[in-house]
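Just below is one structure, and these are the notes that go with it.
The values are calculated or read from the model by the stated rules, or taken from the named source; none is laboratory data. This is a predicted model, so every value here is computed, not measured. With ideal geometry, Cβ positions are generated from the backbone for all residues, glycine too; neighbour counts draw on all protein chains shown. Ligands, DNA and RNA are excluded from the accessible area calculation, which covers all protein heavy atoms including side chains. Shrake-Rupley method; radii C 1.70, N 1.55, O 1.52, S 1.80 Å.
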Amino acid sequence: MKAPKDQHFLIDFDAVNRIADTVPVAGRNVLEIGPGGGVLTEALLARGANVRAVELDGTLLPNLEERFCEELKSGQLTITRGDASKVELPPFDLVVANLPYSISSKITFRLLDIGFESAVLMYQLEFAKRMAAAFGDKEYGRLSVMAQTYSDVEFVMELPPNAFNPQPEVWSAVVKITPHEPPVPIKNKKVFEDVVRELFSHRRKTVRNCLKSLGKKYNIDNLMTNISEEILNLRPEMLSVEKFIEMSNLIE
Ligand code: SAM
């Protein structure tokens with residue numbers, strides 16, 4: 001049976017410690033999305049982090065409030081009740097979280113939009129692989145381009161289902177995300193997003209054929225005259241992040 005509200009609690013304490021030790025957290029404001037029973041919260045507090053937790057499930061709050069009453073009193077811990085993909089988030093420098101998988105994409109791009117120094121986040125393994133895939137890899141796609149345009153994505157570790165209770169059906173992975181500026185300045189973010197979406201919605205087609213569909217929405221004359229034959233004949237998964245940006249910058 002599927003656990004309600006993505007509730008798979010981490011029971012592998014080595015993994016908890018490795019996650020909490022991935023970036024130095026002492027004295028920093030650390031956003032934790034979905035503290036659940038508080039296993040990661042406790043590890044972060046023990047390392048001197050100021051934890052800013054956001055939890056959707058109100059039934060978990062009495063336990064968290066009892067377990068961390070001292071830290072709540074001192075302000076080392078705050079808990080906001082709500083959906084982390086929607087609520088106003090408290091100020092934070094770092095993010096460390098075993099994420100609810102149903103909001104992985106939404107929350108990741110929301111966080112990148114807000115900005116942070118680095119994030120240590122747990123995803124479904126397949127999702128993490130797609131985020132980190134290099135061009136030419138079979139997992140390389142829209143998520144890889146969009147994530148790597150705005151950040152470095154590094155694998156920290158993989159976790160089997162039995163690291164959690166209840167066990168999920170899939171493996172998980174922890175990644176470290178470090179935001180950066182796009183490798184080439186983007187003239188228009190909306191056009192860039194449309195180019196990436198359009199090209200990856202026809203993975204088996206060549207860039208030339210994908211661009212034909214894009215031509216229904218945008219004037220692509222400038223793009224078509226300035227793009228090489230070699231690129232036009234490639235499939236989209238062979239294009240680097242820089243190439244996607246350069247192509248979108250040629251659209252008027
Ligand atoms: N951090 C805990 C751990 O590692 O054991 C729990 C992780 S569990 C995978 C995900 C947690 O996120 C649950 O506590 C769940 O209630 C909470 N959650 C689910 N959807 C959420 C959302 N939209 N916003 C904030 N928390 C959410």
**Report entry** Contour excess over end-to-end distance, with Cα ends at Thr206 and Glu242 and 0.36 nm allotted per residue
**Finding:** 11.2 nm
Query raised in the report: Using a Gaussian network for the chain with springs between C-alpha atoms less than 10 Å apart, which of these wobbles most: Glu42, Glu88, Glu193?
Result: Glu88
Report task. Just report the Cα centroid separation between the stretch 88-122 and the stretch 1-78, whole Å. Result -> 14 Å
Report task. Determine the dipole magnitude for the stretch 132-199: charges of +1 sit on the beta-carbon of Lys and Arg, -1 on that of Asp and Glu, nothing else is charged, the reference point is the Cα centre, and the result goes in debye to the nearest 20. Result -> 260 debye
Report task. Please calculate the 1.4 Å probe accessible area of Leu99, with all protein chains present, and give it to the nearest 10 Å². Result -> 10 Å²
Query raised in the report: Where does the stretch 108-166 land on Rg/Rh, using Cα atoms and the Kirkwood Rh?
Result: 0.99
Query - Unit Cα scatterers, Debye sum, the chain: log10 I(q)/I(0) for q = 0.10, 0.11, 0.13, 0.16 Å⁻¹ - result: -0.55, -0.64, -0.83, -1.09
Query raised in the report: Taking a label point 7 Å from the Cα of Lys216 along the Cα→Cβ vector, which residues of the stretch 171-206 have an amide N closer than 14 Å to it?
Result: 198-199, 201-202
Requested in this report: Let me know the charge dipole size of the chain about its Cα centre in debye, to the nearest 20, where only the beta-carbon of Lys, Arg (+1) and Asp, Glu (-1) is charged.
Outcome: 960 debye
